[in-house]
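Please read the structure below before turning to the comments.
The values are calculated or read from the model by the stated rules, or taken from the named source; none is laboratory data. Computed from a predicted structure; not experimentally measured. We place every Cβ from the backbone using ideal geometry, glycine too, and count neighbours over all the protein chains shown. Note: areas computed on protein heavy atoms with side chains; ligands, DNA, RNA excluded. Shrake-Rupley method; radii C 1.70, N 1.55, O 1.52, S 1.80 Å.
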Amino acid sequence: MTESSARNSKIAILIRFLLIFGAVFFLFALDVVKGSVDIPLTRVVEILFSPAEWLSETNGLSLEQVGQRDIIVLFRLPRAVTALLAGMGLALSGLFMQTLFRNPLAGPSVLGINAGANLGVAVVVLVMGGAAGGFVATLPLGMKALVTIAAVFGAGAVLGVVLLVSRFIGSVTILLLVGLMFGYLANSLVTLLIHFSAAGRVQAYLQWTFGSFGATAWKDIYIMMPVIGAAVLLGILLIKPLNALLLGEEYARSMGVALIRVRMTVIVVGASLAGVVTAFCGPVTFVGVAVPHLARGIFRTADHRTIVPASLLLGGATALTADIVSHLPGQGGMLPLNSVTALLGVPVVVWVLIRSRAGRSFI
Amino acid sequence: MSFEVRTLLKKGVLCCSFLLLIVGNLQPLSAISAEYAEGFSIEELSGVTLLNVHPPESEHYNSITYALVGRDKLQNITPDQLRKRFSIEPKGSELYIIRTPVKHLIPLSTTFLPPLLWLNLDAVLSGIDNVDYIYSRKLRDIINRRNIPQVGNGPSLDMEQIVQLQPAVVMANITQGEWNVVPKLRDASIPVVLNGDYLETTPLGRAEWIKFIGLLCGKGKEAENQFNAIVERYTGLQQMVQAELSGNTERPKVIMNRPMNGRWVVPGGSGYMAQFIEDAGGHYLWSSDTHSRSLVLDAEAVYIKARQADVWLHQYGSSTLQELLQTDPRLRRLNAFQTQQVINNDARTNKAGSNNFYESGPYQPDLILADLISLFHPSLLPGHSLYYYRFLE
């Protein structure tokens, strides 16, 4: 590769990043501007750029203005931030699992990691649970922190077991099947818990499994943000060893990568991301498995220096798009988030399957 | 035979009455009919009572006719023979013969229990779904004392136990039929009677199903009397509210339920709860909606309307205002929260979580209405103490 073509490809990558960054910004803005309640664009901009208005209760504002302010500040902004964070977290979690398992189909919802997080949530809510008939979204703050920890542990437990099995079995297919089995196991335990819980909770649980970015208030984001932020920072430290892992474990070891420590860190990061997102948004499917492929497809590389930031941005963009689409019906109606993410995600996964069959997989 | 003779005699007497000649029907004077319920109708033939259950179109069931035939009458008659003999028009494809009065009944829903208790029919209980779902201490005592077996419901229904108990009738909710309960039990020669009380869109329509239960168990007259008393009390309260409201009293704006996972499910504007609020002199903020089912709405769309509401009903799961705030701090901004008009229907709930509102409430609409009136217009019912409802503190 000549020096000029290397520079050209660097510029091409930069342009793509700028475009995707622009798309994320645009989608975030669109998610805040569009919603079930019609608020004029000028009014939205006015609210966003007058922070003084955010804090004041009502002084000097008409009843309608206060309502609009509340909708933007208390409903749409937290929802958009949650979508962004959740999309980033799930995409990064999926990317790491795909590299760790050297498997293009790995992802939180495929390997049973989401199911593990579900189980953690269900144990806290249904067994230790408060009297609340609702699910995570209606729990008091202390309980939410506990739920988050349980979800991370549930996700980590399944991830750890699957990884342990992968030490003994080389077959990708069997590994996926094992992940699937553990997913079923976790789900059946959840079903058992629900079976022995009060009848009203079944409905609440079902609602929760639909997935939603709208369940969070700002105080929930104060829990989500640091966990996801710390996991992303840890993830950035993993870029080099993960790149070495792409070329095989032998190669990585010869490069001086401490395999066990890297694996443990990846598990902690992957489980924290999948766990915290599941705790607050429900088991959101497909974003994790689909987005890394989207990133590799757009940037034509598997280099983590590019794919980690690309997956983060594209994950945020995908989640924001799904959120916008789920609010499309109008008149206050909405679609379940999980059906939207699957509708967007399935074509990508199918596309990957067809490509990898043709022997042109990126991983 | 004697029945036909008696009917002929009665017809002769009736002929004397010019008024009834115009009506010209075969029904005896004492015929019980369903006036408020849309889900069932009653036809009295000579010696046979037909209960026609009409599930709503959305449920994809045909109309079902239950022919109540006295145990000692028309022995060994088949449904087809019965159709021919009484020239019953095929209202639905299904007709089942139930021998009455039913002496052994397994009700698969808690709401069927209070009417049985009030009609002194607790002796017919040969099984129940699950004692944990029951609030009424009296019912729990009866169940414990008589050691009435529990058979579960839905997917965990214990079919073998039901077959072993050999009840005369199993009474199920219309949607429970979907769990293959109905065809399986019929294969075992156990008739299943589908009760659609909860599908009724009006409070009196729901309560009228006491007649359905009463007729099955041979207490039709008592059930009618009890229902008439309910109607009298309910419409009395309703008329009092109407009279008061004509004097320009403002109707408080009412919202219901709470946001969950970014969605806010609200009852449809033409349903059961909307009717209660209307009758109690409240203005339900979705009253112009035409659905009887619940609406799943985006939380922000409900919030913008809910902010101005005066009264907020049914916050499932939170037992104090503080708890409610912890789950969602945004709710503090609702006007009803500021003025402490946050009211839940869980005043009568036991430790296991069974709420009496859903157990006896459907058959005591007058009590629910009185509660709501005293909440919306305290001056109309001074000294009323809330029965199902309580203020969150």
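Remarks
- Only listed residue being over 22 Å from residue A:207 (Cα atoms) and of a type outside the set (D, E, K, R), chosen from B:281, B:353: B:281
- At least 1 residues being among the β-branched types (Val, Ile, Thr) is the threshold, and among the helices (runs of 4 or more DSSP H) wholly inside the stretch A:11-107 those reaching it are A:41-48, A:63-70, A:77-100.
- Out of B:249, B:235, sole residue that is surrounded by fewer than 19 Cβ atoms within 10 Å (Cβ to Cβ) and at pLDDT below 90: B:249
- For the stretch A:61-70, the criterion of being over 12 Å from the mean Cα position of the chain (by Cα), of a type in the set (Gly, Ala, Ser) and either under 19 Å from residue A:279 (Cα atoms) or at pLDDT below 80 (or both) is met by at least one residue.
- Of all the criteria given as (1) more than 11 Å from chain B (Cβ to nearest Cβ); (2) touching a Pro at 6+ places or on another chain (Cβ under 8 Å), the one not satisfied by residue A:209 is (1).
- Residue in the stretch B:227-236 that is of a type outside the set (A, V, I, L, M, F, W, C), farther than 30 Å from residue A:212 by Cα and outside any helix (DSSP H, G or I) present: no
- For residue B:322, the conditions (1) among the polar types (S, T, N, Q); (2) in a loop (DSSP other than H, G, I, E, B); (3) within 11 Å of chain A (Cβ to nearest Cβ); (4) surrounded by fewer than 19 Cβ atoms within 10 Å (Cβ to Cβ) all hold with the exception of (2).
- For residue B:284: the one exception among (1) within 10 Å of chain A (Cβ to nearest Cβ); (2) without any contact (Cβ under 8 Å) to a residue 40 or more places away in the chain; (3) aromatic (Phe, Trp, Tyr): (1)
- Residues of the stretch B:293-312 classified as modelled with pLDDT under 90 and more than 14 Å from chain A (Cβ to nearest Cβ), total: 0
- Residue within the stretch B:267-274 that is among the aromatic types (Phe, Trp, Tyr) and either within 13 Å of chain A (Cβ to nearest Cβ) or over 21 Å from the mean Cα position of the chain (by Cα) (or both) present: no
- Of everything listed in (1) open to solvent by 80 Å² or more (accessible area, probe 1.4 Å); (2) modelled with pLDDT under 75, the single unmet condition for residue B:56 is (1).
- Index of the failed condition, residue A:257 passing every other in (1) touching a helix residue (DSSP H, G or I) at 6+ places or on another chain (Cβ under 6 Å); (2) assigned to a helix (DSSP H, G or I): (2)
- Any hit, the stretch B:134-145, residues being assigned to a loop (DSSP other than H, G, I, E, B), of a type in the set (A, V, I, L, M), assigned by TED's automatic domain parsing to the domain that holds residue B:47 and modelled with pLDDT under 85: no
- Put simply, of B:95, B:82 the only residue that is buried (at least 16 other Cβ atoms within 10 Å of the Cβ), assigned to a helix (DSSP H, G or I) and not β-branched (Val, Ile, Thr) is B:82.
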